[in-house]
């Protein structure tokens with residue numbers, strides 16, 4: 001065998017070995033892709049949800065459709081559009097509700113939820129009690145107590161207990177509909193799980209911010225929630241040329257009436273800017289210092305240009321959610337540019353169950 005023949009045989013052997021190696025690599029990749037796809041099919045996917053919604057074909061997203069249908073059955077209502085879908089929320093525990101015989105108002109059984117996707121540790125919604133009406137019959141009457149019941153010390157076990165009859169009011173809560181809509185590249189939204197999740201998170205965070213602002217300063221008209229600063233039974237103080245004495249009065253108002261529980265401040269970003277520069281006393285520390293006011297934690301919320309603040313026991317504020325966060329896709333938003341529209345919708349309202357658990361400071365300057 002001459003040298004040329006030997007070289008050719010060696011090359012052929014190398015090519016066969018290389019081809020076999022490439023085939024093995026390709027097989028491994030295909031196996032990994034199959035395993036990954038199999039695992040992904042068992043997970044909730046925003047990419048599949050948006051794709052199926054845009055194509056109006058729920059066969060493309062069977063898991064997401066099953067989750068949405070389960071939520072629809074639990075809430076007793078359907079998405080507003082046939083290509084809309086409910087996004088899952090996390091069930092936590094039963095919530096306590098009042099009854100007419102106990103001095104409150106009859107409301108349906110409720111379950112505590114997480115509104116949309118979980119927020120950060122400094123979210124106002126993670127301070128409140130978010131609930132779902134058990135029976136969706138429209139507006140909900142929620143009992144509102146203006147004071148804690150009086151506690152008496154008995155001289156002995158045989159001493160008669162004095163009846164306590166706290167003043168009771170009510171809040172009639174009808175759904176406040178909040179929506180957000182954006183348009184984005186079809187490729188970004190439908191071809192990447194990360195892109196789909198980013199869009200869903202962007203819309204959800206916008207709605208969560210809106211809900212926080214409404215809880216604090218909603219007008220109570222034109223479909224808005226009645227926020228704490230506009231609730232006539234919640235104590236309030238003017239924040240014009242805010243002084244430390246006004247802050248202390250607000251602290252005392254809640255501390256002496258809210259009972260046992262975690263207390264915190266919720267402050268708008270414009271108010272926080274002022275309070276970070278306003279000293280407790282001349283030359284002293286700022287009123288808002290190291291994330292606290294008067295030793296209590298502070299949650300700063302955006303989404304508003306108003307300078308307002310509220311202090312209270314936030315577990316005593318119920319946020320009602322009539323339906324889960326709903327997402328729907330318009331595949332023809334800008335047909336010639338391959339742009340789709342994505343809309344999020346939330347129906348909610350809020351009210352304190354104990355007015356004395358809160359106090360507000362308005363129009364801070």
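Points to keep in mind about this one:
- Unique residue being touching a strand residue (DSSP E or B) at 6+ places or on another chain (Cβ under 7 Å), free of Cβ contacts under 8 Å to residues at least 60 places away in the same chain and over 30 Å from residue 45 (Cα atoms) when the list is 239, 223: 223
- Single match in 360, 365 (criterion: under 19 Å from residue 239 (Cβ atoms) and assigned to a loop (DSSP other than H, G, I, E, B)): 365
This table checks each residue for (1) farther than 30 Å from residue 84 by Cα; (2) touching a strand residue (DSSP E or B) at 6+ places or on another chain (Cβ under 6 Å); (3) without any contact (Cβ under 8 Å) to a residue 12 or more places away in the chain.
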residue: 259; (1), (2), (3): yes, no, no
residue: 262; (1), (2), (3): yes, no, no
residue: 295; (1), (2), (3): yes, no, yes
residue: 318; (1), (2), (3): no, yes, no
residue: 325; (1), (2), (3): no, yes, no
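- Checked against (1) at pLDDT below 85; (2) closer than 30 Å to residue 220 by Cβ; (3) under 22 Å from the mean Cα position of the chain (by Cα), residue 178 passes all but condition (1).
- Here the strands (runs of 3 or more DSSP E) wholly within the range 210-323 that include at least 2 residues being surrounded by 14 or more Cβ atoms within 10 Å (Cβ to Cβ) and under 20 Å from the mean Cα position of the chain (by Cα) are 264-268, 296-301, 309-312, 317-321.
The values are calculated or read from the model by the stated rules, or taken from the named source; none is laboratory data. Being a predicted model, the structure only gives us computed values, none of them experimental. So basically every Cβ, Gly included, is an ideal-geometry build from the backbone, and we count neighbours across all protein chains shown.
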